[in-house]
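The values are calculated or read from the model by the stated rules, or taken from the named source; none is laboratory data. Treat the numbers as computed from the prediction; the structure is a model and nothing was measured. Cβ placement follows ideal geometry from the backbone for every residue including glycine, while neighbour counts extend to all protein chains displayed.
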Amino acid sequence: MKVQRFLARDRFPSLLARLEEAGYDVIGPQVRDHAIVFDALASVEALPRGITDDQAPGRYRLAASSSDRYFDWATGPQALKPLTFAPRETLWTSETRDDGTLVFRERLPEARPTAVIGVRACDLAALAIHDRHFLHGAAPDPHYRARRENLFLVAVNCARSAATCFCTATGDGPRVTHGHDLALGELDDGFVVEAHTDRGRELLATLDTSEATAEALAEVEAGLARAADQQHRRLPAGSLPEQLQAAVAHPHWQDLDDRCLTCGNCTAVCPTCFCQTHVDAISLDGREASHVRQWETCFNPDHSYIHGTVIRAERPQRYRQWLTHKFGTWVAQYGRSGCVGCGRCIAWCPVGIDVTEELAALSQAPTNAPDEAPAPTPGRVPGTVPSKAQGQAPAPNRREGKDD
């Protein structure tokens, strides 16, 4: 049963206090290095009050807002991903005993109960995708599970969208609908608070709230409608998996060779990308070793290194892998696209590549005639890729993610 109450703005600090009393470490959005990021939240004064964001392809800027609201911004470079799927962590260690035998020890994280304030609908949708992969697969990940089970999520309904947002096109926002404990609808004088779980209802009962009036509820709905109307980016009509499968040889991929830097920014800020690499760190005396997992990107040539060959040696091939998997084969794996419409990949791409524009171009029939197809790279036989002997980097220890 959904419970809706009104929390006056001057009583908002009590929400943080109740969470701390319940034993949670509280994390919330705040300004760091000219961006809004999630960090330990000491008080509501640290929230980005009166701050908004200006986002466009290759552009992210903060500016003063005409509103004194805490959540008058769309998204920052982070999502929930770093809080559940750690950027770098030790999975296990080994030690060589004096008799030559090896001892292996699992290294589970010391996950503390953590409450996150300010989660958006797109990030909850991304979290559901990660849950399916890390928790509900054939081999649940104990490190992810330890952090995930300790989260208390306070979501925020969006009342404005950045120019890069397109969650209405993916069906993931701007309204929060699932995966959270409490949801906030921010108004000038306070918040409409919705409880969606037993934990949320128990905490809401401890707050000094009043009945949410019809006017307050209507104002929240108006904000949601405004946020939806501000979104102008769309995805091509029809089946994207089929369109991308048909566009494997589309000449537009080659156009990306002059634009994509393969820097991996898009995968770093994407709330659903989970490519990873595994490396071993060995002590100087050789007696101890740590097996470490860290974030990786499919834009790295090493990511497709297999037995002396880099499968995707050229930049357009790596972008094609990312885009085709994100909007195409991901559907077969997880029952939905891997994109939640947050627009981070557009804003944080240093050359301003817009994923919605690329999909639109690829959904159209090629304009090149067969004899106008892009010429092969000099020194390369069409259809082949360079091998390690041709100057490629050595193979990594192990990589997982989009290619699995």
Within the stretch 245-255, restricting to residues that are among the hydrophobic types (A, V, I, L, M, F, W, C) and surrounded by fewer than 20 Cβ atoms within 10 Å (Cβ to Cβ), the one that is nearest to the chain's Cα centre (by Cα) is V248
With respect to the numbered conditions (1) loosely packed, with under 15 Cβ neighbours inside 10 Å; (2) assigned to a helix (DSSP H, G or I), which one is the sole condition not fulfilled by R105?
(2)
For the stretch 180-298, give me every one of the helices (runs of 4 or more DSSP H) that falls completely inside it and has 3 or more residues that are of a type outside the set (D, E) and under 20 Å from T168 (Cα atoms).
214-229
Criterion: over 22 Å from G50 (Cβ atoms), surrounded by 14 or more Cβ atoms within 10 Å (Cβ to Cβ), over 24 Å from the mean Cα position of the chain (by Cα) and not charged (D, E, K, R) - qualifying residue of A195, A205
A195
Would you confirm whether or not the stretch 149-160 contains a residue that is aromatic (F, W, Y), touching a residue at least 40 places away in the same chain (Cβ under 8 Å), surrounded by 17 or more Cβ atoms within 10 Å (Cβ to Cβ) and within 27 Å of L203 (Cα to Cα)?
yes
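Matching residues to (1) out of contact with any strand residue (DSSP E or B) (no Cβ under 7 Å at 6 or more places or on another chain); (2) assigned to a strand (DSSP E or B); (3) modelled with pLDDT under 95:
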| position | (1), (2), (3) |
| --- | --- |
| M1 | yes, no, yes |
| R18 | yes, no, no |
| V31 | no, yes, no |
| A42 | yes, no, yes |
| Q55 | yes, yes, no |
| L62 | no, yes, no |
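When you check R233 against the structure, is it within 24 Å of P77 (Cα to Cα), modelled with pLDDT of 95 or more and out of contact with any Leu (no Cβ under 7 Å at 6 or more places or on another chain), yes or no? So that I can check it myself, show each step before the final result.
Working: within 24 Å of P77 (Cα to Cα): yes; modelled with pLDDT of 95 or more: yes; out of contact with any Leu (no Cβ under 7 Å at 6 or more places or on another chain): yes.
So R233 fits the description; yes.
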Selection from the stretch 1-59 of residues that are within 22 Å of G185 (Cα to Cα), of a type in the set (S, T, N, Q) and either surrounded by 15 or more Cβ atoms within 10 Å (Cβ to Cβ) or not assigned by TED's automatic domain parsing to the domain that holds V176 (or both):
Q4, S14, Q30, T52
